[in-house]
1. Among the residues in segment B:78-88, are any of a type in the set (A, V, I, L, M, F, W, C), open to solvent by 30 Å² or more (accessible area, probe 1.4 Å) and either at pLDDT 95 or above or closer than 24 Å to residue B:13 by Cα (or both)?
2. Do we have residue B:50 as within 14 Å of another protein chain (Cβ to nearest Cβ), within 14 Å of the chain's Cα centre (by Cα) and either open to solvent by 80 Å² or more (accessible area, probe 1.4 Å) or of a type in the set (Asp, Glu) (or both) here?
3. I need a count of the residues in segment A:399-418 that are in a helix (DSSP H, G or I), in contact with a helix residue (DSSP H, G or I) (Cβ under 6 Å, 6 or more places away or on another chain) and touching a residue at least 12 places away in the same chain (Cβ under 8 Å).
4. Scan segment A:198-215 for residues that are charged (D, E, K, R) and over 11 Å from residue A:274 (Cβ atoms) and jot them down.
5. Condition first: part of a helix (DSSP H, G or I), crowded, with 24+ Cβ neighbours inside 10 Å and either charged (D, E, K, R) or modelled with pLDDT of 95 or more (or both). Now tell me which residues in segment A:168-189 satisfy that.
6. Select, from B:57, B:95, the only residue that is over 30 Å from residue A:202 (Cα atoms) and either away from chain A (no Cβ under 14 Å) or open to solvent by less than 70 Å² (accessible area, probe 1.4 Å) (or both).
7. Which strands (runs of 3 or more DSSP E) sit wholly inside segment B:8-112 and have at least 2 residues that are in contact (Cβ under 8 Å) with a residue 60 or more places away in the chain?
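The values are calculated or read from the model by the stated rules, or taken from the named source; none is laboratory data. The model shown is predicted, which means the values in this text are computed figures rather than measured ones. Glycine also receives a Cβ, built like all others from the backbone with ideal geometry; neighbour counts cover every protein chain displayed. For the accessible areas, the whole protein counts, side chains as well, though only heavy atoms, and no ligand, DNA or RNA atoms are used. Shrake-Rupley method; radii C 1.70, N 1.55, O 1.52, S 1.80 Å.
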Amino acid sequence: MASAITTLAADAPTLSAANTGFMLICSALVMLMTPGLAFFYGGMVRVKSSLNMLMMSFISLGIVTILWVLYGFSLAFGTDTGSLIGWNSDYVGLSGIGLTELWDGYTIPVYVFAVFQLMFAVITPALISGALADRVKFSAWALFSALWVTVVYFPVAHWVWGAGGWLFELGVIDFAGGTAVHINAGAAALGVILVIGKRVGFKKDPMRPHSLPLVMLGAGLLWFGWFGFNAGSWLGNDDGVGAVMFVNTQVATAAAMLAWLGYEKLRHGSFTTLGAASGAVAGLVAITPAGGSVSPLGAIAVGAIAGVLCAMAVGLKYKFGYDDSLDVVGVHLVGGIAGSLLVGFFATGGVQSDAKGLFYGGGLEQLGKQAIGVFSVLAYSLVVSAIMAFLLDKTIGMRVAEDVEVSGIDQVEHAETAYDFSGAGGGISARTTTAPASAAASKKVDA
Amino acid sequence: MKLITAIVKPYKLDEIKEALHSFGVQGLTVSEASGYGRQRGHTEVYRGAEYTVDLVPKIRIEVLVEDEEAEELISVIVSAARTEKIGDGKVWSVPVDSVVRVRTGERGADAL
């Protein structure tokens, strides 16, 4: 996140209608990423558990929104205590904030900043769910995500972006969330799957995506929403940094998609749809921390490197035998690490901050700071998430019964199925399915 | 009477229908089928993970004919379905005890 905007004017900042409008639109764009992610993940699972996958992302819009308003914003962005956590009673319930009260030296209202950051908090736990596909009780997932944002996300967001947070003070560059969002979610995913174990039939049964068109739709929505995620992270557009971020987001994503496809063609012989979608997401992840500090050419390098690294990394689960169902570790953790560390090489010192990377005469200093940011968040999130999953597993149980997993989680957990395959015009099923009570009642009246 | 069943490549359906029509067949039943022969299926790749898809989509065509026409009809289907590439399918016939036209109750050859 941006440090204070350098203003030449000595005057205190005043509310900017342009920046406020821009940030409200950016917030709405980031909101769209969560349903986009739901489709990205939902298309990748088998038919029988596709609704559950959509719901695991979508529910975050409900749970995290409420927690954010109640206490999340206060914990993440309230007044610092010990560089570890924030608190501000005015932010509790968002109740003590004036309509035109400005956010910490910026030109936008506190409400706008709060709602922009809310969307980040919503998508982060949703990212984790991709690793848990097909096998987790919906109630356990809902409880896990509520606990996780409280104990992991809100504090880590404070460390990285909050005034006084220890990584922020150290000078770690995490422009739009490579560390706080992607490494955080990827490490949590790894922690949870190490506890809950593999899907039934992992490495034996084919678990092909049921709808690659949905995956492409989701990846497209993510890409679109990501402009809000990244370009909005400067919290205004008075000096063009947001615009550079927009450009970098586009070029890094393009480069990563091409790099993933190239790797795939050489390694496996085909340019796949899933590869194009995955490469784009890998590029978006990698440019998120880096985009505010690199040039567009640097962004191409960041995207291309991340595209190849992530394409290589998704195979690790077969090698090491952990079941990261939809490659949250391979794409978000590895992509986030790549982007965060590459800041230490490609930062030009001329955009968001003065810090220069190794290739621009900055030495190893920034790289060292980036590494501290990466590995501290990785370790904290991995350990705490694993402990949380372990405790939930021992109490309410994290996984559905084996027969439920095999027959499909949708019907048992949600009393719905994604598609009607009854065929023959639906004639057979219409006669054998019990009509809803209301329909039966109205028939009686007609008779 | 004989029931002739042909499992063939889906895109050959139109050609076979034409050939059967020219031969004088009045009706047939077509259904989607899947399976494999000696060539097995194909391979798909998702993020580097290869999946072998055994079952290949096919079309099943069923025709009822009188005994003396059966052999000739099989030849008609075979020549229309042949591409000389692997996976062209199979055609076989089995004896049928009785046939009834549901609408009229006609039996045997009259029901065809």
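1. Within segment B:78-88, one or more residues are of a type in the set (A, V, I, L, M, F, W, C), open to solvent by 30 Å² or more (accessible area, probe 1.4 Å) and either at pLDDT 95 or above or closer than 24 Å to residue B:13 by Cα (or both).
2. Taking the combined requirement at face value, the residue does not satisfy it.
3. So the answer is 5.
4. Correct list: A:198, A:199, A:203, A:204, A:205.
5. A:179, A:180, A:181, A:182, A:183, A:184, A:185, A:186, A:187, A:188, A:189
6. B:95
7. Once the strands (runs of 3 or more DSSP E) in segment B:8-112 are filtered for at least 2 residues that are in contact (Cβ under 8 Å) with a residue 60 or more places away in the chain, what remains is B:56-65, B:89-95.
Matching residues to (1) touching a Phe, Trp or Tyr at 6+ places or on another chain (Cβ under 9 Å); (2) closer than 30 Å to residue A:12 by Cα:
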{"site": "A:45", "(1), (2)": "no, no"}
{"site": "A:57", "(1), (2)": "yes, no"}
{"site": "A:64", "(1), (2)": "yes, no"}
{"site": "A:67", "(1), (2)": "yes, no"}
{"site": "A:74", "(1), (2)": "yes, yes"}
{"site": "A:78", "(1), (2)": "yes, yes"}
{"site": "A:97", "(1), (2)": "yes, yes"}
{"site": "A:109", "(1), (2)": "yes, yes"}
